[in-house]
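The values are calculated or read from the model by the stated rules, or taken from the named source; none is laboratory data. Quick caveat: nothing in here was measured; it's all calculated off a predicted structure. Note: ideal-geometry Cβ built from the backbone for every residue, glycine included; neighbour counts use all protein chains shown. To get the accessible areas, we keep the full protein, side chains included, count just its heavy atoms, and leave off ligands, DNA and RNA. Shrake-Rupley method; radii C 1.70, N 1.55, O 1.52, S 1.80 Å.
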Amino acid sequence: DTTVANDDSSIPSISSSLVMNLSPNPITKSAQYLNVDLKGSALNKGDQITLEIFNIKGQSILNETYQAQTGPRTLQISTSSFSNGVHICRVTSGQNKTISKFTVIK
C-alpha cells in the first residue's frame, strides 16, 4: 500500500478550498442550462466569483463575474449559443481556481 499525505500546512486540502460540479454533463438538446455547483471554504471569504468558459481551442466564449456571497451556490449558465464539443469551465474566487470540462451534444 502507498499512502499519500499532505503534510505541508501552507497548502490547503482540496476539500477546503473551491470545489465545482457541473450538471448535466453532457449537455443535450433537452438541456438549455449548465448548472455550476460551487462549494468550499474559498466562498466564505466574500470574494467575487469569475466564471469563464473556453472551447477546446482555448478561445474564451463566456466570461461573467458574480457578486460575493458566502457559502455554497449554484450558477445557471445558458448554453444556447455553445457549439457542439468539449468545453472547459474555470471558476476563480480570490486566489482559488478550479477547472472542469463538459461536453455539448445538440
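Is any residue of the stretch 56-89 close enough, with backbone N under 20 Å, to a label point placed 7 angstrom from the Cα of K45 along the Cα-Cβ axis, and if so, which?
Answer for the stretch 56-89: 64-75.
HN-Hα J couplings of the stretch 63-73 from phi, Karplus 6.51/-1.76/1.60, θ = phi - 60°, integer Hz, Gly and Pro as x?
3J(HN,Hα) across the stretch 63-73, in whole Hz: 8, 10, 10, 10, 4, 4, 7, 7, x, x, 8.
Could you sort T74, T92 by their accessible area in this structure, using a 1.4 Å probe and putting the largest first?
In descending accessible area the options line up as T74, T92.
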